[in-house]
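What follows is a short report on a single structure.
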Amino acid sequence: MIAEPAVNLSAELRRLLGPDRVLDAHSDLAVFECDAFVIEKHCPSVAVFPQTANEVAAIVKLCNERGVPFVPRGAGTSLAGGGLPVGGGVMIVLTRMREILEVNLRDRYAIVEPGVVNAWLNKRLAGTGFHYAPDPSSQGACTIGGNCATNAGGPHTLKYGVTVNHVLGVEIVTAEGEIVQVGGPVEDSPGPDLVGTIVGGEGTLGIVTKIWVRLTPNPQGVRTMLGIFESVDDATQAISGIIGAGIIPAALEMMDQGILVAVEEAFHFGFPLDAEAILLIEVDGIEVGLDAQRDRVAEICRQNNAREVRFAADAKERLQLWKCRKQAFGAIGRLSPSYCTQDGVVPRTKLPHILQRIRAIGAKYDLRIVNVFHAGDGNLHPILLFDERNAGEIERVLAASGEILNECLECGGSVTGEHGIGLEKLNFMNRMFTDDDLDVMTRLRDALNPGGLLSPGKLLPTAGACGMEQIHPGRRAAL
Amino acid sequence: MATVTTSQTPDLASSPSPVEVAESIRAAYDASRAVYPVGGGTALNYGNSPTQPGEQLDLTGLNRIVDYTPRDMTILVEAGVRMTDLAAALAAEGQHLPIDVPRASEATLGGVVATNWSGPRRYGHGTIRDYVIGIHAVDGRGVAFKGGGRVVKNVAGYDFCKLLTGSLGTLGVITQLALKVKPLPESTGTVVAACADVATAGILLDRLATLPVPPVAIDYLLGPNWQVPTTTRSRQAEIGPQTPHLVIRFEGTETETAWLADQIQTELQQAGGMSVALLAPIDAAALWKRQIEFADRGAGDAPENSPMVIKVAVPPSAVTKLVAQLVAFDPDCSIQAHAASGIVIARFAKFGHSDITPVLVGKLRPAAAKLGGSLVVISGTLDGLTPHLIWGGRTDAIVLMENIKRKFDPRNILNPGRFVY
């Protein structure tokens, strides 16, 4: 057999996709060297922009033939480095697969391509009486394909569940380049729940090329309120009280004083700047029962020493409140040049304890830490503020982050509620899981990703891969 | 057919621990001997019969409630806990796991997860996959492993909670489960309506599907199993064999259910429903029990040997058409459709071997598959059904499952033959 001449991979990819949908100049690739996890950077050798599952399959097959690693990417909003091309290779950018293929209200599903931005779907659904429930804060940018990879959450997941609870089926291109449909518009596919396994697989079990999502009827009514508390403890006790009373709000978010100041400066909502914490609480459901539910929540807040409970008077005020919450991260720019967001989870009853610990850890490392998070789920997002121009600050941020996450584990929680392990939290995996657990996880990955070329170095710690603590930023994160 | 010895090792049955389960599977792995995990034994007819000699692994001794923090709304239990025991523990704190399971005093939680069992309230409350937040299991090498944890939101590592849901004991033997639970509703209500014909039922179901406030269950009932003795004077007596009935269950506060009762009755009347009525609580409870038990035993108290019980999954909009097909084949079949979820359970009165090829394989399964759905045999008295007849053909997705099976159970000792592999 005559040896095949060494063929340039980019040239072959151009033959598959045409000249415009393949980038390999370093200047073109710089934008793909990191996602929203900015501490580590890896540049792909080439980035491709397929428009169909067949093209994705052809790319994957080519990568397999060449033994080149490949990684899918959506909008690049991963906070855990989920989209980083560790070890280079081909980055398969799915943002040009952005059609909403079908909306079926009678059977309550929609079919979307992976590059459809989360908010586009709800825009399309406006006026139908239905919506797509998972609402990560980045929903204006992040793609539903990426949401599937991370099993993304959001404020309203407290009542409505996370992404996996709303995905009925996926079409994937397997690691070997086969197109396979798992699940679909109809419930109850026989056998193990592969859909639920692939969703949250962080792109290591297949590349999602089509998604059947569940549509949820819009609630008939909604009541949004703000509980203002003198102390963080009181606020967390109120959260525990609300859940303990058997009320499941649609959303229950907490912002502490640190973030309030920034938000107030940005949006001038009139928050009292001396309050230690506020709770943004929303109840929804049948109009006829809502006032009673709202009053009950307000009563629990007052029993827990709320200084004041404000009700959003109308849809406009409600939107403004949510704007504050969803754009809180944007307001952080007013506080410091850089920040690092963590994503720990604790049992809800441990919230008062963990927030005290976070404060202590901040003091220990001389770092300012502010909190804005999904309190009802126990899903924390402590934000560690820093300025990378100051020597040693990144190291302190990483050390404090590690300590906070370890504290979450001590409380019986998790190191990630919705952002994923990605690259960032690899070194926590063996603290959460035994060698046997990780061995069985590796077996699952090997079953669906036998060559290991798909998204290498993610989710599972392997020899050669490094976690957050080992990372030495090679250059400055550009925030 | 291969025989199965049901020799539970005494100490394993009396006081097993997850460690002992792992040891016993490890021993079976070393000997390449099949292991058949059994909980309450209520779903042993589901899927194929065992294909290899082996041992039954009784998990009902794993019945401890390990930890329950009501204010977190999570509970950690061993997999052999009976569903009624679990329900009682939760109810004491005003909470519940809203998964409807027949013979709940026997059925175990692990079995419910392994079979992915569900009932009428799946429409409003989802299925068991939506509640499992942590899982411990033992793979086919005797290796104990876990996934998830104790918190309601967690994306660390692969989600074994999902992978083992519906895996029928073929990928791992479940030993412990962490669940998120819900507050018990203050009040429930049930509205029934008769439909002149299948077409009317379709119109009513369309109407219910777009209600801004969904009920928790919309069942569509038809056939002799739903007939009750004529001496019963309650409203329930009118659910007869010939007339399709819709049974709508809703939950909420007293205020909410009162509003929903009015609203749903009005909707149904406007859409052409007949004899629309709110059931008295005692009648609703009696009917509800039968709605939960139907898939397992038909009419009610005594087991009823239908030759063929199937579950067909189709888009909700196709339910009435499918029901018409089923009735055309067997006018005496009894049907319960969780209509808004597209799940149709049919208990045939007559179904012989000669019907398998033309009806099951030739007609019903292709009809479901064409709509993106599936058909599985839940139970029956016909022997000699092959895996393909019970579960359907080999799809690309099943090829992926086989790849996983080989990694989790390399010697094929976990429930061999129960599923398609």
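The values are calculated or read from the model by the stated rules, or taken from the named source; none is laboratory data. What you see is a predicted model; the values in this text were computed from it and never measured. Backbone-built Cβ (ideal geometry, glycine too); neighbour counts: all protein chains shown.
Brief remarks follow.
- Among the candidates A:GLU287, A:GLU264, the residue that is surrounded by fewer than 17 Cβ atoms within 10 Å (Cβ to Cβ), among the charged types (D, E, K, R) and at negative phi is uniquely A:GLU287.
- In this entry, A:LYS364 is excluded by the filter for residues that are modelled with pLDDT under 95 and not acidic (Asp, Glu).
- The set of residues in segment B:91-141 that are within 12 Å of chain A (Cβ to nearest Cβ), out of contact with any Cys (no Cβ under 9 Å at 6 or more places or on another chain), in contact (Cβ under 8 Å) with a residue 40 or more places away in the chain and in a helix (DSSP H, G or I) comprises B:ALA114, B:THR115, B:ARG122, B:TYR123, B:GLY124, B:HIS125.
- Flag for A:THR209 being among the hydroxyl-bearing types (Ser, Thr, Tyr), over 29 Å from A:GLY289 (Cα atoms) and within 12 Å of another protein chain (Cβ to nearest Cβ): no
- Wholly within segment B:155-234, strands (runs of 3 or more DSSP E) carrying at least 1 residues that are over 26 Å from B:HIS125 (Cβ atoms): B:173-180, B:187-194
- Any hit, segment A:17-38, residues being of a type in the set (Asp, Glu), surrounded by 16 or more Cβ atoms within 10 Å (Cβ to Cβ) and closer than 30 Å to A:GLY153 by Cα: yes
- Residues being facing chain B (nearest Cβ under 7 Å) and within 20 Å of A:PRO85 (Cα to Cα) - total across segment A:175-206: 2
- Here the condition is being farther than 29 Å from A:SER138 by Cα and either without any contact (Cβ under 8 Å) to a residue 40 or more places away in the chain or not assigned by TED's automatic domain parsing to the domain that holds A:THR204 (or both); of A:VAL68, A:VAL48, it holds for A:VAL68 alone.
- Residue among A:GLY392, A:GLY412 that alone is away from chain B (no Cβ under 14 Å), surrounded by fewer than 24 Cβ atoms within 10 Å (Cβ to Cβ), over 28 Å from A:ILE92 (Cα atoms) and not hydroxyl-bearing (Ser, Thr, Tyr): A:GLY392
- The number of residues in segment B:399-421 that are in a helix (DSSP H, G or I) and either basic (Lys, Arg) or surrounded by fewer than 22 Cβ atoms within 10 Å (Cβ to Cβ) (or both) comes to 6.
- Only one entry in A:PHE433, A:PHE428 is under 30 Å from A:ASP135 (Cα atoms), at pLDDT 75 or above and at the interface with another protein chain (Cβ under 7 Å from one of its Cβ atoms), namely A:PHE433.
- Segment A:87-137: number of residues that are in contact with a strand residue (DSSP E or B) (Cβ under 8 Å, 6 or more places away or on another chain), under 24 Å from B:THR210 (Cβ atoms) and of a type in the set (Gly, Ala, Ser): 3
- Filter pass, A:CYS301 being in contact with a strand residue (DSSP E or B) (Cβ under 7 Å, 6 or more places away or on another chain) and at pLDDT below 95: no
- The conditions of being under 20 Å from A:LEU13 (Cβ atoms), in contact with a Pro (Cβ under 9 Å, 6 or more places away or on another chain) and of a type outside the set (Val, Ile, Thr) are met by A:PRO69.
- Meets criteria (out of contact with any Leu (no Cβ under 6 Å at 6 or more places or on another chain), of a type in the set (A, V, I, L, M, F, W, C) and at pLDDT 95 or above) for A:LEU94: yes
- Beta carbons closer than 7 Å, at least 6 apart along the sequence or on distinct chains, pair a first residue in segment B:296-315 that is polar (S, T, N, Q) with a second that is modelled with pLDDT of 95 or more for B:SER306/B:ARG347; B:SER306/B:PHE348.
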